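The block underneath contains the structure these notes are about, expressed in structure tokens.
The values are calculated or read from the model by the stated rules, or taken from the named source; none is laboratory data. Fair warning: this is a prediction, and the values are worked out from it, not measured in the lab. Here the Cβ positions follow ideal geometry from the backbone for every residue, glycine too, while neighbour counts run over all protein chains shown. Quick note on the areas: whole protein, heavy atoms, side chains included, nothing else; ligands and nucleic acids left out. Shrake-Rupley method; radii C 1.70, N 1.55, O 1.52, S 1.80 Å.
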Amino acid sequence: MSVFRNVPDGSPPAGVQSSSRRDLAVVAVFTLGIFVLFSVLELNEWMAALTGPLEAYQLDELPLTVLAMAVGLIWFSWRRTKQVKQVQTQLARALEDNRRLSQQSIQVQEEERRSLARELHDELGQSLNAIKVDAVTIRDRSADAAEVQRSAKAIIELSAQVYDAVRRLTQRLRPVALDELGLRSAVEYGVQQWQQRHPAVACGFSAKGELDDFSEQINITLYRLAQECLTNVDKHAQATRVGISLEREAGADGAELVWFSIEDNGGGFDPRLRRRGLGLVGLRERVEALDGKFELHSAPGQGVRIRASIPVTTTP
């Protein structure tokens, strides 16, 4: 779960609103003061030829008064622009802090998953395997005892079921193939496993460029993208075809990017509608925490297309 600081929403902060009212009051007082000063000193009598007939109402002072008001409004606009820039700077700083905290949170989460997967594999997995070995020994050495045979077979079957469950949990917590085979092979293996479970859906995978020297954060983010997107296809898409691709290429500024994309021909949805699931939100959060970009294109009846680009950082 990501950790976020409070950031300003669409409404101006209370301090900005109070300052705006105060500045407007300053403009009004300044304008009135100029009007009184010009009226008392009659500094614009040189315009009497134009406004002489209205002098009884002191309206001959009006042009310079309006000018003073315009100057005051210009000052007011300058003050607002300055405050808006300050708020934008604070917002950018808050968003950067949120991004950094989000990335740290994801890293902590993945470390916890790795540790738990290791304990499941090393402790529980070995214990279950030992139980199974003992049960096989009992079965093989007691061929004449029907009850012992039955119990031994039950232990073997149950141990195998629990071991398979532990292996599936371990794979979801921390993909072993990612550590052993690298990103390309791990994603390809995950696609193959998904295809075996969903034979009615044609699932393709393509990769281009060097993909096995990325940093740990990029590797796990791209793997989770593929994993979560395939899960969404299974749960929601009702698709018959899905394609995943990974590609490494140079960006417009010369920096390297790794692109992830997935596209299906399922039912699609309206991205503007608020959805309960947090899967897509989590994917976007993971990508943006690495200074990447996340794009989702979909419409009812037109499938779903997701593209993500992440700046490349390699392992030391």
What distance in nm separates the two pseudo spin-label positions at Ala255 and Leu158, each 7 Å out from Cα along the beta-carbon direction? 5.6
Under a 1.4 Å probe, what is the accessible area of the range 179-316 per residue, stated in Å²? 55
Less than 11 Å Cβ to Cβ from Ser20, Lys/Arg counted +1 and Asp/Glu -1: what total charge do the surrounding residues give? +3
Rounded, prolate or oblate: which fits the range 223-316 when a ≥ b ≥ c are the square roots of the eigenvalues of the alpha-carbon gyration tensor, with rounded for a/c under 1.5 and prolate only if a/b beats b/c? prolate
Distribution of pairwise C-alpha distances over the range 133-282, 10 Å bins, in %: 9, 29, 26, 16, 11, 6, 2, 0
Please give every one of the lysines within straight-line cross-link reach of Lys132, meaning a C-alpha to C-alpha distance under 21 Å, and leave out same-chain neighbours fewer than 8 residues apart. Lys153
Here the residues of the range 254-273 lying in the modelled label zone of Arg224, meaning backbone nitrogen under 19 Å from a point 7 Å along Cα-to-Cβ, are 258-262
Surface share of carbon and sulfur [accessible, 1.4 angstrom probe, percent] for the range 158-206: 54
Say R0 is 45 Å: what FRET efficiency, to the nearest 0.05, do Ala299 and Asp134 get from their beta-carbon distance? 0.20
Taking a probe of 1.4 angstrom, what is the accessible area of Glu147 in Å², to the nearest 10? 110
